[in-house]
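Below is one structure, written out as structure tokens; comments come after it.
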Amino acid sequence: MKTVFEFTKGMTREESIYCPGCTHGIAHRLIMEVLDEMDLLGETIGISPVGCSILAHRYMSVDMCEAAHGRAPAIATGIKRVHPDCTLFTYQGDGDLASIGTGEIIHAAHRGEKFTTFFVNNAIYGMTGGQMAPTTLVGQKTTTTQEGRSELLCGKPLRMAEMIATIEGAVFVERVSLDSPSSIFKAKKVFRKAIEIQQKKLGFGFIEILSTCPTNWGLSPIDSMEWLRTHMIPYFPLGNFRKPGDREMACGQEMGAK
Amino acid sequence: MNEKVLMKGNEAFAEAAIRYDCKYYFGYPITPQNEIPEYMSRELSKADGVFVQAESELAAVNMAYGASAAGGRVMISSSSPGFALMQEGMSFLCSVEAPCVIINVSRGGPGIGTILPGQADYYQATRGGGNGDYHLIVLAPASIQESITLIGKAFELSDQYRNPVLILVDGMIGQMMEPVILPDYHSGKQIDKPWALTGTKGIRPPNTIKSVYLKAEELEAWNWHLLEKYRKIIDCEVSYETRNLEDAEIVFVAYGTTSRIIREAMEILEADHIRSGLIRPISLWPYPYQSFDEMSSSTKAVLVVELSQGQMIDDVKIGVNGRFPVSYVGRFGGTVISPEEVASEAKRILGVV
Ligand SMILES: Cc1ncc(C[n+]2csc(CCOP(=O)(O)OP(=O)(O)O)c2C)c(N)n1
């Protein structure tokens, strides 16, 4: 009989603590599938953040460590110095990366660190119970913006992919979404591309993943997907913001080896 | 044996670290320790190591954690305000048992304070500025030569106990020059680190380095593990030096730079036929409480001398345990107490005019 679906080697059999409809699980699985397909699981080191995905190392079957809130890019910088040839990623939420850890992410990009950051933007602080994130949309209700986020008091949400793309050391920057099967397939291709670029040691890679948080948004999983499409994508446009040219890709290996 | 060379403290610390096989250094500029990152930026790559100038001390300590988690031998350094910023990392390094050597070339505070020497980071070093029950091993050298020796020891202890080790010196020792004998290259003892993140290579289950324990019982069990380690360190790693305790009328207690000032004060008192002694803690944590049991019945008073408002005096009182009156004299904010000031305070306490 032909196998049409298999458990990914990169994921453990541990039951996850994620809420129903949460997209962290999809993001985990896509990363692990890509690493498995590229035969990189044994060479990979990952860093889990402070946030709902703090236990990512329980689900991902690769060497991993935890980071203090927001510090994963600095930790990755240290790891990459010891193992320059490993495949290395940080996995971070929007509170972790776009608020408390802005310094670390900006400077990892600035140095052109040769690792990949998977940035899960669910427009809210999930783990602590639904407070405003820097990515919370204007008018969006959270437990610390109960009348909706006010532009006057809090400004407009940060567009991290666009910001990171202004930094020379960030060679690959793209925003994807997990709102439908087709966007999930697209996202997986982008993940693979990012890991290929890391292998060529061209510079820093950053993927922003638009995600849902049904529990803290107060919506059903299906309505959450719709809300992501109708509210998040218009403000956080999908697409590539920066990628190496064909020539750089071709000579990447040589440059990286220097 | 290597020849004697004249070296500035900070440069000698960096060179010693290289010779004890430190391969990774992460730093952010702050006076009075800038010569350490500068020296490392120039010399570490020649020894196959890597220097990174971090964007902040917060980043530096986390880079150190990453390199340590990956199995590397790591050192970081800073001075008081920068070390304050590293406290989140100190708690984290202890929590995950990541080896690391840290040098705090301390200066006067609080706040930005001054670039001049101070010893006002004692509480922060020995009580901890980070959250939770944790301890750094803290070593306090009094000369550049002793700093070199203790840096070597720090790397060993750090690997052996899987715990960060802090070298607490002040700007005086960092900035002065002294003749020193350096160790040979490759003097560092190495041990296997099977727990390190290297990638599984498909031949072992994944290694995980974690700090979070969602169940109270699990976290308590982890705390017990740490406590047992701390108790072992207390049993095995106390170090101190004493002088003239047998017949001292007054016993000084001081560490680092201040202990050198005391030696001159002791000579002044000796000329006046006053017998004085010294207890010099070398390990500030674990603290040499037992050294106070060596004091004799001829002693009338204990005088703690610090370049702070009086922080170590708390530990001295614990060690003395009510057996002798304990008092303090010190200068702070970047000023340094003179041997004459110390001697006259000793005379005042003893009622000798
Ligand atoms: C220094 C520090 N500050 C605050 C917290 C509390 N905290 C835990 S998770 C979190 C926010 C997580 O939100 P996000 O990064 O968006 O990830 P999500 O949970 O939504 O996946 C905060 C503020 C902490 N653990 N440490």
Here, helices (runs of 4 or more DSSP H) confined to segment B:1-98 with at least 3 residues that are touching a helix residue (DSSP H, G or I) at 6+ places or on another chain (Cβ under 7 Å) and buried (at least 24 other Cβ atoms within 10 Å of the Cβ) are B:9-19, B:57-69, B:87-96
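May I ask you to verify whether B:G199 is at negative phi, open to solvent by less than 10 Å² (accessible area, probe 1.4 Å) and assigned by TED's automatic domain parsing to the domain that holds B:E35?
No: the conditions fail for B:G199.
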Residue by residue through segment A:135-146, note down the ones that are more than 9 Å from the ligand (Cβ to nearest atom) and either within 14 Å of chain B (Cβ to nearest Cβ) or not in a strand (DSSP E or B) (or both). A:T136, A:L137, A:G139, A:Q140, A:K141, A:T143, A:T144, A:Q146
Considering segment A:199-234, residues that are within 18 Å of the chain's Cα centre (by Cα) and under 13 Å from A:R159 (Cα atoms), and then whichever is nearest to the ligand (Cβ to nearest atom), we arrive at A:I209
Have a look at A:R111, A:R81, A:R149 and point out the one that is more than 14 Å from the ligand (Cβ to nearest atom), surrounded by fewer than 24 Cβ atoms within 10 Å (Cβ to Cβ), within 14 Å of chain B (Cβ to nearest Cβ) and touching a residue at least 12 places away in the same chain (Cβ under 8 Å). A:R111
Restricting attention to segment B:235-266, and to residues there that are in a helix (DSSP H, G or I) and touching a strand residue (DSSP E or B) at 6+ places or on another chain (Cβ under 9 Å), which single residue is farthest from B:G277 (Cα to Cα)? B:T257
Tell me yes or no: at least one residue of segment B:261-271 is open to solvent by 20 Å² or more (accessible area, probe 1.4 Å), modelled with pLDDT under 95 and over 19 Å from the mean Cα position of the chain (by Cα). no
Does A:P221 fit the bill of being of a type outside the set (G, A, S) and either under 24 Å from A:R149 (Cβ atoms) or open to solvent by less than 20 Å² (accessible area, probe 1.4 Å) (or both)? yes
Criterion: of a type in the set (K, R), over 22 Å from B:V96 (Cβ atoms) and touching a residue at least 40 places away in the same chain (Cβ under 8 Å) - qualifying residue of B:K4, B:K46: B:K4
Flag for A:A170 being more than 14 Å from every other protein chain (Cβ to nearest Cβ), away from the ligand (no atom under 16 Å from the Cβ), under 24 Å from B:A70 (Cβ atoms) and surrounded by 19 or more Cβ atoms within 10 Å (Cβ to Cβ): yes
Among the numbered conditions (1) surrounded by fewer than 22 Cβ atoms within 10 Å (Cβ to Cβ); (2) within 8 Å of chain B (Cβ to nearest Cβ), tell me where A:I17 comes up short. (2)
Are any of the residues in segment B:192-211 touching a helix residue (DSSP H, G or I) at 6+ places or on another chain (Cβ under 6 Å) and either part of a helix (DSSP H, G or I) or away from chain A (no Cβ under 14 Å) (or both)? no
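The values are calculated or read from the model by the stated rules, or taken from the named source; none is laboratory data. Computed from a predicted structure; not experimentally measured. No Cβ is skipped: glycine too gets one built from the backbone with ideal geometry, and neighbour counts run over all protein chains shown. Surface areas here come from the heavy atoms of the whole protein model, side chains and all, with no ligands, DNA or RNA. Shrake-Rupley method; radii C 1.70, N 1.55, O 1.52, S 1.80 Å.
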